[in-house]
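Below: one structure, written as structure tokens.
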Amino acid sequence: MARDPKYDILFEPIKLGPKTMKNRFYQIPHCNGFGSEKPLSQAFFRSMKAEGGYGACCTEYCSISPESDDTHRVSARLWDDDDVTNLSVMCEMLHGYGALAAAELWYGGPHAPCMESRCVPRAPSQIPSDFEHLTYPKQMDKDDIRAVQKMYVDAAKRARTAGFDIVYVYGSHSYLPQQFLTPYYNKRTDEYGGSFVNRARFWRETIEQVKDAVGHDTAIAVRMSCDMFMGEPGTQLERDCLPFVELVDDIVDVWDINVSGISEWGEDATPSRFYPSGRMLPWQHAVKKVSKKPVLGVGRFTNPDLMISAINGGQLDIIATCRPSIADPWLPRKIDEGRLDDIRECIGCNVCISRWEIGGPPVICTQNATAGEEYRRGWHPEIFTKAKNADNDVLVIGAGPAGMECAMILGKRGMRRVHLVEADDDMGGIMRWIPQLPGLGEWGRIVNYRKIQINKLKNVEFHANQRLDANAIKTYGAEIVIVATGGYWATDGLNGATHDVIAGADASLSWQLTPEQIMAEGKKVPGKKVLIVDNDGYFMGVSLAEKLAMEGKKVTIMSHQAHIAKYMDFTLESPNQNRKLHKLGVEIVVEHYPTKIEQGKVHAVHVFDEEAHDKVWEVDAVVLVTQRRSNEALYRELKDKVGFSELKKEGVNAVYRIGDCVAPRLIADAIFDGHRLAREIDSPNPEEPLPYKRERRVINMAGAKAEIDEHMAAIHAGVR
Amino acid sequence: MKIVVCVKLVKVVGDEVEFTADGLDVDSDYLEHALNEWDACAVEEALRIRERLGQAEVIAVTAGDKKSEEALRRCLAMGADRAVRVDSAVTDPISTANALASAVAPESPDLVLCGVQSSDSVQGSTGTALSELLGLPRVAVVKKLEWSGAGPATVHRELEGGLVDVVEVDTPAVLTIQTGINQPRYATLRAIKLAEQQEITLVTAPAGGDPAYRVRRMFTPPKGEGAQMLKGNPSEIASQIAVIIKERLK
């Protein structure tokens with residue numbers, strides 16, 4: 001289908017200094033866990049977006065020197081010529097698709113812990129990081145300033161050699177240039193501190209020097225945060241940012257505008273729980289009004305109507321996306337081809353970001369199981385090979401996230417017939433009720449996307465209201481049976497803190513409840529005072545606390561961990577979720593676990609109290625968010641009672657299971673699991689994942705031997 | 001005891017439609033096919049009668065080309081006992097009824113069920129025409145059916161505005177079945193596989209008369225005009241809308 005002409009503006013070229021971008025789709029710098037040291041993973045990951053129509057794609061933050069070493073996290077690096085070689089692969093692939101390549105040159109100052117390089121980072125003032133632990137910078141004198149500026153210039157030259165078309169002098173997220181601009185970081189009294197002109201001096205000079213060095217054939221981008229949300233000391237739009245735009249607009253080719261500092265950068269990478277798309281448009285618009293240069297910016301844009309309104313409304317020139325480009329690298333192409341139905345919209349859950357926060361394992365995405373798998377598993381999000389065993393019929397039991405994904409991919413792989421059979425009256429499984437938790441409405445996109453795709457697939461049939469037992473499965477007529485029956489919350493308080501049940505915990509009682517009893521089964525939470533036992537540590541406990549508090553309950557949430565909902569630190573949801581709970585008057589009890597639950601009372605102890613003093617909370621109801629368990633009864637019946645040999649007699653050649661039915665994990669993991677099985681349904685043993693390419697240095701034996709020989713010779717010669 | 005169900009393989013168009021060069025039909029690249037939804041309900045109703053009475057032969061009949069056997073196979077997979085195809089290229093309802101009658105009459109059925117209409121051409125007249133050709137009484141738009149397997153059936157017809165017309169009809173009769181009368185069962189993979197191997201009786205189409213109509217042109221109608229753009233601030237627009245609504249409600 002042709003593109004709607006109203007979207008034409010998104011496909012108009014735009015000049016960025018000496019370069020021209022073919023359209024208005026820009027992949028903002030974002031991490032993926034690959035850096036410069038997994039160059040093929042990096043190149044295949046970025047170029048998937050170029051193949052999907054992006055006009056330019058950027059590296060993640062790209063360190064300019066060993067002094068800006070973010071280990072344990074994974075950044076790109078342009079420290080030396082070997083980094084140039086590695087990142088040149090990404091540039092070459094992007095250019096092959098007609099996209100520009102951008103490098104986000106980064107110096108972290110105190111936020112770079114330098115755990116690999118053991119260097120000392122330099123900063124405007126000697127104050128330890130508000131983001132990292134125990135990282136003290138060296139306070140820069142003027143020689144230091146010159147030295148660091150030279151690092152930017154040298155790195156910019158290396159970037160150009162690698163093939164990058166755009167280089168950043170990156171300040172946002174409280175990195176060095178913006179530290180100089182911001183009184184919170186800059187306490188100097190020399191000509192690099194104090195007045196606006198002084199605070200702007202470092203950044204201005206650095207941009208000038210980079211411009212002089214590479215600007216004649218490379219576009220210069222500046223990424224600036226226009227509000228750190230920390231009041232007077234933080235960066236301020238009117239006081240700092242707009243004057244800075246006016247100061248350097250002539251030497252900047254493109255502005256990349258966002259908000260937040262680093263310690264709460266969830267204000268930039270906003271979870272859908274708290275902010276809608278386009279939340280930074282007011283700041284982007286403010287810069288656009290002052291600047292003569294193109295302005296780009298993110299805002300979790302998944303909807304092309306919002307994109308054109310941002311451009312037509314003069315708020316942005318270029319639509320930058322991070323998370324929407326992970327969820328759907330083919331977003332521009334789908335808009336171009338009028339396939340809006342096929343867009344896999346980002347749900348704003350931030351599990352992608354969680355990986356960087358954890359320390360840099362490969363990026364994952366709830367919506368797009370192929371994210372990060374482009375090189376190592378060779379997965380393409382839109383192109384599927386016909387399965388070698390496509391003449392098989394498949395029965396998928398359970399239409400939750402894993403079952404839907406698996407049935408959809410099997411359909412796309414051309415299996416003869418796929419029947420997705422569900423006991424409930426519609427698709428979705430747990431995703432029918434999780435999006436009804438406060439703020440999680442956009443998570444419903446998981447179901448919407450798959451439902452639309454499944455409905456389009458001629459070889460996939462969905463059947464609701466069918467609870468199949470083992471006997472019905474045996475005689476169903478499928479050669480391949482896939483069990484995706486999900487999981488459930490423990491009703492007896494079994495938990496990972498004590499590895500035991502909680503005495504007295506029993507969700508069959510009217511005043512003890514599990515999450516699905518409340519959300520899916522309509523079980524009423526009795527009385528006023530509710531205690532939530534949260535040993536899970538992600539969104540469920542705090543979401544229920546919020547919901548019940550909003551319904552007027554007096555809520556206590558108790559975790560054995562040092563703070564509540566630990567995984568939400570990684571998804572950047574913690575600060576605002578905690579603010580919400582405080583505002584709602586929810587009592588947060590950490591480092592405690594319940595020892596006994598009885599009618600009207602929960603007994604608990606502090607985790608470090610060796611004498612185990614009994615503390616009592618008076619309650620009317622208890623919600624058990626202790627752990628989940630696999631709903632594996634059907635699988636066990638098929639495997640253990642009926643037996644695979646019996647199934648074989650009826651023509652069932654294989655029985656697999658996927659998702660929470662195997663182990664209840666992140667929604668992203670369940671979807672990955674369903675996807676993985678469908679991708680490998682024609683492998684020799686689909687139950688076991690095929691090995692993936694591990695991008696690593698394998699030693700050259702001859703070279704290694706020479707080094708060992710040299711070492712041994714030195715010992716024999718008595719030199720050592 | 002025999003129940004004949006007349007079914008059709010309907011064409012399903014997606015969001016996008018292109019027409020053939022002669023402008024007489026939708027380009028087959030843009031078409032999918034399915035058992036007509038109303039007919040699926042009719043088959044389900046026949047199967048339920050069979051289950052209720054403990055015996056009955058359910059025979060699915062269609063008029064069409066080889067491709068239309070897909071509809072019959074779906075009926076067989078659902079549980080029909082036999083299937084008959086009248087080999088015919090007819091498309092208009094009267095000729096279709098004529099073709100169907102040639103296969104239905106020799107069966108001497110105790111009951112004939114059709115769907116109210118087909119989702120692709122939406123004429124709603126094949127069942128009625130068929131009853132005329134078979135010389136049987138007919139009841140249209142049936143939402144509920146009570147029948148002991150012989151003698152008169154009590155039939156609920158759906159009327160405008162949620163009204164129900166309860167009639168008694170002697171059998172054999174032709175009933176056209178409305179959706180919502182039941183939830184058609186689905187076929188397991190095994191039933192689909194078995195249905196693929198079942199034989200379908202082929203009947204030669206009777207020499208037909210002239211079709212009741214012919215297609216002269218198929219096209220996407222131009223976008224309607226008459227939209228009225230309201231100007232002003234939100235409160236001005238709101239009062240203009242209120243005026244229009246009041247005017248139309250008169």
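The values are calculated or read from the model by the stated rules, or taken from the named source; none is laboratory data. No experiment lies behind these values; they were computed from the predicted model shown. Here the Cβ positions follow ideal geometry from the backbone for every residue, glycine too, while neighbour counts run over all protein chains shown.
Here is a list: B:R48, B:R52. Which entry is over 14 Å from B:Q198 (Cβ atoms) and free of Cβ contacts under 8 Å to residues at least 12 places away in the same chain?
B:R52 is the lone residue from the list that is over 14 Å from B:Q198 (Cβ atoms) and free of Cβ contacts under 8 Å to residues at least 12 places away in the same chain.
List every residue pair whose Cβ atoms sit under 6 Å apart, with the two residues 6 or more apart in sequence or on different chains, where the first one lies in the range B:211-223 and is in contact (Cβ under 8 Å) with a residue 24 or more places away in the chain and the second, anywhere, is in a loop (DSSP other than H, G, I, E, B) and surrounded by 10 or more Cβ atoms within 10 Å (Cβ to Cβ).
Note: pairs meeting the criteria are B:P211/B:D92; B:A212/B:D92; B:Y213/B:D92; B:V215/B:L24; B:R217/B:G23.
Which pairs turn up if I take residues in the range A:459-477 that are at the interface with chain B (Cβ under 8 Å from one of its Cβ atoms) and look for partners that are part of a helix (DSSP H, G or I) and of a type in the set (V, I, T) with beta carbon separation below 8 Å, at least 6 apart in sequence or on another chain?
Taking only residues 6 or more apart or on different chains, the pairs are A:G477/B:I192.
Here's a check for you: in the range A:1-48, which residue that is farther than 15 Å from A:L94 by Cβ and among the hydrophobic types (A, V, I, L, M, F, W, C) is nearest to the chain's Cα centre (by Cα)?
A:C31
Given the structure, is A:Y97 of a type in the set (S, T, Y) and farther than 28 Å from A:R188 by Cβ?
Here the answer is yes, as A:Y97 does meet what is asked.
Out of (1) over 24 Å from A:G441 (Cα atoms); (2) in contact with a strand residue (DSSP E or B) (Cβ under 8 Å, 6 or more places away or on another chain), the odd one out for A:A399 is which?
(1)
Of these, A:K458, A:K412, which one is modelled with pLDDT under 95 and in the same structural domain as A:V652 (by TED's automatic domain parsing)?
Just a single option satisfies the conditions, and that option is A:K458.
Within the group B:E16, B:E51, B:E37, which residue is within 14 Å of chain A (Cβ to nearest Cβ), surrounded by fewer than 24 Cβ atoms within 10 Å (Cβ to Cβ) and not aliphatic (A, V, I, L, M)?
B:E16
Name the residues in the range A:571-622 that are of a type in the set (A, V, I, L, M, F, W, C) and in a strand (DSSP E or B), would you?
Result: A:I588, A:V589, A:I597, A:V602, A:A604, A:V605, A:V616, A:W617, A:A621, A:V622.
Going by the structure shown, is A:V363 among the hydrophobic types (A, V, I, L, M, F, W, C), touching a residue at least 24 places away in the same chain (Cβ under 8 Å) and closer than 30 Å to A:A472 by Cβ?
So A:V363 does not fit the description; no.
Just to check your reading of the model, which residue among A:E67, A:E51 is touching a strand residue (DSSP E or B) at 6+ places or on another chain (Cβ under 8 Å) and touching a residue at least 40 places away in the same chain (Cβ under 8 Å)?
After ruling out the rest, the residue left standing is A:E67.
Taking the conditions exactly as written (in a loop (DSSP other than H, G, I, E, B) and either within 20 Å of the chain's Cα centre (by Cα) or not charged (D, E, K, R) (or both)), does A:H216 satisfy them or not?
It is true that A:H216 is in a loop (DSSP other than H, G, I, E, B) and either within 20 Å of the chain's Cα centre (by Cα) or not charged (D, E, K, R) (or both).
How many residues does the range A:636-685 contain that are among the aromatic types (F, W, Y), more than 21 Å from A:I434 (Cβ to Cβ) and in contact (Cβ under 8 Å) with a residue 60 or more places away in the chain?
Matching residues across the range A:636-685 total 1.
Hey, any hits in the range B:128-146 for a residue that's within 16 Å of the chain's Cα centre (by Cα) and in a loop (DSSP other than H, G, I, E, B)?
No - not one qualifying residue is present in the range B:128-146.
Tally the residues that are touching a strand residue (DSSP E or B) at 6+ places or on another chain (Cβ under 7 Å) and modelled with pLDDT under 95, restricting the search to the range A:186-233.
Qualifying residue count for the region: 0.
Output the residues belonging to the range A:625-663 that are surrounded by 22 or more Cβ atoms within 10 Å (Cβ to Cβ) and either closer than 30 Å to A:E546 by Cβ or under 23 Å from the mean Cα position of the chain (by Cα) (or both).
Passing the criteria: A:V625, A:T626, A:R628, A:I658, A:G659, A:D660, A:C661.
Answer yes or no as to whether A:P294 is more than 29 Å from A:W443 (Cα to Cα), in contact (Cβ under 8 Å) with a residue 24 or more places away in the chain and either assigned by TED's automatic domain parsing to the domain that holds A:I251 or surrounded by fewer than 22 Cβ atoms within 10 Å (Cβ to Cβ) (or both).
Judged against the criteria, A:P294 is a match.
Of the conditions (1) within 14 Å of another protein chain (Cβ to nearest Cβ); (2) within 25 Å of A:N392 (Cα to Cα), A:D425 satisfies every one except a single condition; which number is it?
It is condition (2) that A:D425 fails.
Answer yes or no as to whether A:L410 is surrounded by 23 or more Cβ atoms within 10 Å (Cβ to Cβ), under 18 Å from A:L690 (Cβ atoms) and within 14 Å of chain B (Cβ to nearest Cβ).
yes
Pick out, from the range A:401-493, the strands (runs of 3 or more DSSP E) lying fully within it that include 1 or more residues that are over 23 Å from A:E687 (Cα atoms).
Hits in the range A:401-493: A:460-463, A:487-489.
Of all residues in the range B:80-137, which are of a type in the set (K, R) and under 15 Å from B:V10 (Cβ atoms)?
none
Is it the case that some residue within the range A:428-449 is buried (at least 24 other Cβ atoms within 10 Å of the Cβ) and within 14 Å of chain B (Cβ to nearest Cβ)?
Among the residues of the range A:428-449, not one is buried (at least 24 other Cβ atoms within 10 Å of the Cβ) and within 14 Å of chain B (Cβ to nearest Cβ), which makes the answer no.
Pick from A:M550, A:M540: which is buried (at least 20 other Cβ atoms within 10 Å of the Cβ) and not assigned by TED's automatic domain parsing to the domain that holds A:G266?
Answer to the selection: A:M540.
For the range A:478-504, name all the residues that are within 14 Å of chain B (Cβ to nearest Cβ) and small (G, A, S).
A:A478
Tell me, please, whether a residue that is part of a loop (DSSP other than H, G, I, E, B) and out of contact with any Gly (no Cβ under 6 Å at 6 or more places or on another chain) can be found in the range A:139-159.
Yes.
Condition first: part of a loop (DSSP other than H, G, I, E, B), aromatic (F, W, Y) and surrounded by fewer than 24 Cβ atoms within 10 Å (Cβ to Cβ). Can you find one or more residues in the range A:116-136 that meet it?
Within the range A:116-136, one or more residues are part of a loop (DSSP other than H, G, I, E, B), aromatic (F, W, Y) and surrounded by fewer than 24 Cβ atoms within 10 Å (Cβ to Cβ).
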